[in-house]
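Novice: Mind looking over this structure? Questions follow.
Every number here is computed from the coordinates shown, using simple stated rules; none is lab data. Note that this is a predicted model, so its numbers are computed, not measured. Positions of Cβ are generated from backbone atoms using ideal geometry, with glycine treated the same way; all protein chains shown enter the neighbour counts.
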Amino acid sequence: MTELCRCWSCKGNLEPAQQLRFLVETDNLDNPAYLARIRALPAVNGRPVPVCKACQTRIESAPRRPVAKPKPAAVSGLLGALGALSVGLLISGIFAPRG
């Protein structure tokens, strides 16, 4: 008999159905469209994690924590400053004395 993988969460043996799901999902990582349709296991950084059915139920029932997105304040400030400089150069070119 083949040796079953261990659960990532509780370190117990995986059920054969869960191991099959894990193997199918890891074999299809290069086909994201198909993987999105068959994905049943939790994933970390886009890779499926082998978990037993009890741990999967516990993970799915836990509320997800929102991921904090960084605010692009520095980028918008830089773009604003460059915009103001370009408008200033344009206006000074129009109103500059011709000589």
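Novice: If Glu25 satisfies every condition in (1) out of contact with any strand residue (DSSP E or B) (no Cβ under 7 Å at 6 or more places or on another chain); (2) surrounded by 10 or more Cβ atoms within 10 Å (Cβ to Cβ) but one, which is the exception?
Specialist: Status for Glu25: all satisfied but (1).
Novice: For Leu29, indicate whether it is touching a helix residue (DSSP H, G or I) at 6+ places or on another chain (Cβ under 6 Å), within 24 Å of Ser9 (Cα to Cα) and either of a type outside the set (A, V, I, L, M) or part of a loop (DSSP other than H, G, I, E, B) (or both).
Specialist: On the way: touching a helix residue (DSSP H, G or I) at 6+ places or on another chain (Cβ under 6 Å): no; within 24 Å of Ser9 (Cα to Cα): yes; either of a type outside the set (A, V, I, L, M) or part of a loop (DSSP other than H, G, I, E, B) (or both): yes.
Criteria not met by Leu29.
Novice: Report yes if Ser86 is of a type in the set (S, T, N, Q) and outside any loop (DSSP other than H, G, I, E, B), otherwise no.
Specialist: On the way: of a type in the set (S, T, N, Q): yes; outside any loop (DSSP other than H, G, I, E, B): yes.
Yes: the conditions hold for Ser86.
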